[in-house]
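Chemist: Have a look at this one.
The values are calculated or read from the model by the stated rules, or taken from the named source; none is laboratory data. Treat the numbers as computed from the prediction; the structure is a model and nothing was measured. Cβ atoms come from the backbone with ideal geometry, glycine included; neighbour counts cover every protein chain shown. Accessible surface is based on the protein model in full, side chains and every heavy atom, while ligands, DNA and RNA are left aside. Shrake-Rupley method; radii C 1.70, N 1.55, O 1.52, S 1.80 Å.
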Amino acid sequence: VGARAWRVVFAFPSLCLAYSWITYFIAHVHDGIQFYDISTIPWVHTVAWFVNFISFLFLYPSVFNLKEVAAVEKPQVHLWETGIIRITRHPQFVGQVLWSLAHLAMVGTSFDLLTQTLLVGHHAFACWNGDRRLLAEHGDNFRRIEERTSIVPFRAILEGRQKLPPDYYKELLRAPYALIAVGSIGAYLAHPYMQAGAALAKNTGLVDGGVFDGLLG
């Protein structure tokens, strides 16, 4: 159907389903087995907040190409080696790991563990699939960048395969980061309203006889 049409076909239902997914997660996050509860410790909340904030700086580098995100321009399989890519070749995977760890630290239930495992697993698959697409699109050029970058943050730098330029900070001075920062803080401040909205949703609870009874029961 073409890259632009597929972006619209994929993005529209995804955005619509995001509401139901967030509502379901908030409504059920305390379900299942309670492994621990350290959410009332003040410093745990502070650490989780900072880890979560940093995660969004990794999670959304795609906002650098808003016209492609909105399918105004044809989405491309870009090959970059600047900015956050010098630290990790797959920043969205790293961001998801940080986000999941922060939320799992606050809510230690089996439901939350399952959710975060699925999210991280999805992004881990995207690392493989992303490299596959980059290789198919860019061939040897990707191979050379693959040698100079790493999925694990800072690994290529520590191994000497990636050299940060003296003015590296300039690569991170991008206007979209300000948008991400404001959006992240806004999302945090909106948490009480998200929780209130989820409480209004009709919730059937855990239905006996499901395949996850042993894990979530």
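Chemist: Can you pull the one-decimal nm distance between simple spin-label points at ASP131 and ALA201, each 7 Å off the Cα toward Cβ?
Modeler: Taking the two extended label points, one gets 3.5 nm.
Chemist: I would also like to ask the following. Just subtract the alpha-carbon distance of VAL72 and TRP6 from 0.36 nm times their residue separation and send over the number in nm, one decimal. Display every interim value, and only then the final one.
Modeler: Values: separation 66, 0.36 × 66 = 23.76 nm, distance 1.23 nm.
Using 0.36 nm per residue and subtracting the Cα-Cα distance, I get 22.5 nm.
Chemist: Report the accessible area of TYR24, computed with a 1.4 Å probe over the heavy atoms of all protein chains in place, in Å² rounded to the nearest 10.
Modeler: 130
Chemist: Among all helices in the chain defined by DSSP H, which have a length of 15 Å or more along the axis from Cα atoms plus a Kyte-Doolittle mean of at least -0.5? Intermediate values should be presented prior to the final figure.
Modeler: Numbers: long enough: 3-28 (36 Å, 0.94); 42-59 (25 Å, 1.45); 91-106 (23 Å, 0.89); 110-138 (41 Å, 0.02); 175-189 (22 Å, 1.48).
What comes out of the filter, once short or polar helices are dropped, is 3-28, 42-59, 91-106, 110-138, 175-189.
Chemist: For region 82-158, max minus min Cα coordinate along each principal axis, in Å, sorted largest first?
Modeler: 45, 26, 16
Chemist: Another question about this same structure. Please report, in Å, the Rg and the Dmax of region 1-87, where both are computed over Cα atoms only.
Modeler: 18.3, 51
Chemist: Another question, then. With the other protein chains left in place, how much accessible area per residue, in square angstrom, belongs to the chain at a 1.4 angstrom probe?
Modeler: Values: 13780 Å² over 217 residues.
About 64 Å² of surface per residue is accessible.
Chemist: If you don't mind, there's one more thing I want to ask. Let's test this: bin the Cα-Cα distances of region 16-140 at 5 Å from zero up to the farthest pair and state each bin's percent.
Modeler: Values per bin, smallest distances first: 2, 10, 14, 19, 20, 13, 10, 7, 4, 1, 0.
Chemist: Something else about it: At a 1.4 Å probe, what is the % contribution of carbon and sulfur to the accessible area of the chain?
Modeler: Numbers: 9280 of 13780 Å².
Using a 1.4 Å probe with all protein chains present, the chain comes out at 67 percent carbon and sulfur.
Chemist: Of THR115, THR149, THR46, which has the largest mean-square fluctuation in a 10 Å C-alpha GNM of the chain?
Modeler: The residue that fluctuates most here is THR46.
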